[in-house]
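What follows is one structure encoded as structure tokens, with my remarks underneath.
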Amino acid sequence: MGDAMEEGVIVQWLKNVGDKVESGEPLFEIETDKSNVEVPAEATGYVQSITAQPGDTVPVGKVVAVIGAEAPSANGASTPST
């Protein structure tokens, strides 16, 4: 996000678990002390899980979602790739 930034608040998710996402495509929006920013996916694949909800304050570098090579199955079993 920025060298001086330490945390941000999740504003909204632009993708849901099970959605296909391309690397660089906006995944969620985060609010910092200076602005709102869309954060891009770091990999291409399917959203396997989301670990932070809108309103949650998260530190820079915290994993807030997992993207895997395959769509998650109905029982939640899948192998994440990132």
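The values are calculated or read from the model by the stated rules, or taken from the named source; none is laboratory data. Remember, predicted model here, so these are calculated numbers, not experimental data. As a convention, Cβ positions derive from the backbone with ideal geometry for all residues, glycine included, and neighbour counts pool all protein chains shown. Protein only, heavy atoms only, side chains kept; ligands, DNA and RNA dropped before computing areas. Shrake-Rupley method; radii C 1.70, N 1.55, O 1.52, S 1.80 Å.
Once backbone amide H atoms are built at 1.01 Å from N, THR44 has SER23 as its partners under 5 Å, excluding neighbours fewer than 5 places away on the same chain. Pick from SER35, SER49, SER23: which is most flexible by mean-square fluctuation in a GNM of the chain where alpha carbon atoms under 10 Å apart are linked? Comparing SER35, SER49, SER23 in the GNM, the peak value goes to SER35. Counting only residues at least eight positions apart within a chain, or on another chain, the aspartates and glutamates with an alpha carbon under 13 Å from that of LYS15 are GLU25, GLU29, GLU38. Amide H to amide H, with H built 1.01 Å from N, PHE28 comes under 5 Å of LEU14, VAL39, counting only residues 5 or more places away or on other chains.
Kindly list the residues of region 37-57 that lie in the label zone of ASP19, defined by a backbone N under 15 Å from the point 7 Å along the Cα-to-C-beta vector. Within reach of a label on ASP19, which here means backbone N under 15 Å from a point 7 Å along Cα→Cβ, region 37-57 contributes 38-54. In the chain, Cα pairs under 8 Å separated by at least six residues give a relative contact order of 29 percent. The portion of the accessible surface of the chain made up by carbon and sulfur, rounded to a whole percent, is 48 (1.4 Å probe; DNA, RNA and ligands excluded). Within the shell defined by Cβ-Cβ distances under 13 Å, the residues around VAL11 carry a net charge of -4, with Lys and Arg each +1 and Asp and Glu each -1. Per residue, the chain exposes an accessible area of 62 Å² to a 1.4 Å probe, with every protein chain left in place.
Under the simplified labelling scheme, the GLU38-VAL60 pair shows an inter-label distance of 2.2 nm, with each label point 7 Å from Cα along Cα→Cβ. If you bin all the Cα-Cα distances of region 1-44 at 5 Å, starting from zero, the percentages per bin are 6, 23, 28, 22, 14, 7, 1.
Normalised by the number of residues in region 1-44, what is the relative contact order in percent for Cα pairs under 8 Å and 6+ residues apart?
Numbers: 69 pairs, mean separation 16.0, N = 44.
Across region 1-44, relative contact order equals 36 percent.
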